[in-house]
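The values are calculated or read from the model by the stated rules, or taken from the named source; none is laboratory data. Everything numeric in this text was worked out from a predicted model, so none of it was measured. Cβ coordinates were reconstructed from backbone atoms using ideal geometry, including for glycine residues, and neighbour counts include every protein chain displayed.
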Amino acid sequence: MKLLRRLFLGLAVGTAALLPAAPRFALAQATGQSSLKEQLVGTWSFISSNARRPDGTPFWGENPRGMFIITESGHFSWQVFRSDRPRLASNNRLSATADELKAINQGTLAYFGTYSLDEAEKTITFRTLASTYPNSEGEIIKRVITKLSPDELIYSNPANTLGNQVEARWKRLR
């Protein structure tokens, strides 16, 4: 019994001695105190969106691909692609046909810049530096985070370029 008590006491003292060296994020997660930024920072893979084309089909197609990177330093990179974009007949992006370019343009969106967070409102605000849609360069884009878990991020866009409210779902890459 004495041996068991000494072993338990030694384990408790050893654990307490190591706590100050534990990463802040691990401690915050364990106590449920992690900030919105700590929860968002990382790399996310695009899963789906409820955006629809005028004919009712999914805006990003049946098997979209995308990546969303959020850095600790306040930068982001966001890309989504339709998987059914056409291959170029010429195999040269500089000599694509007008129809090929139109399909590629309508099936691709990418932008990057900086972001800020509002913990109370659960929003992320992007300041777009550059985009495949040039009209959004310099734009402030706000998204409302509706669900955030260690592995899933869902946010809504109150009004996309077509004026619709859209929700996007992402999965954390490990």
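Things to note:
- Residue in the range 34-44 that is out of contact with any Asp or Glu (no Cβ under 7 Å at 6 or more places or on another chain) and modelled with pLDDT under 95 present: yes
- So T43, is it in a strand (DSSP E or B), touching a His at 6+ places or on another chain (Cβ under 8 Å) and among the β-branched types (V, I, T): no
- Looking across the range 84-111, the residues that are of a type in the set (K, R) and over 30 Å from I70 (Cβ atoms) come down to R87, K102.
- Unique match (being surrounded by 12 or more Cβ atoms within 10 Å (Cβ to Cβ), within 19 Å of the chain's Cα centre (by Cα) and more than 15 Å from F59 (Cβ to Cβ)) among K102, K171: K171
- Matching residues, the range 54-88, being surrounded by 11 or more Cβ atoms within 10 Å (Cβ to Cβ), modelled with pLDDT under 95 and among the small types (G, A, S): G61, S83
- Hits in the range 124-144 (condition: touching a Leu at 6+ places or on another chain (Cβ under 7 Å) and buried (at least 16 other Cβ atoms within 10 Å of the Cβ)): I124
- Residue check for G107: over 13 Å from the mean Cα position of the chain (by Cα), surrounded by 13 or more Cβ atoms within 10 Å (Cβ to Cβ) and within 23 Å of A51 (Cα to Cα): yes
- So A159, is it surrounded by 13 or more Cβ atoms within 10 Å (Cβ to Cβ) and either under 16 Å from F59 (Cβ atoms) or at pLDDT below 95 (or both): no
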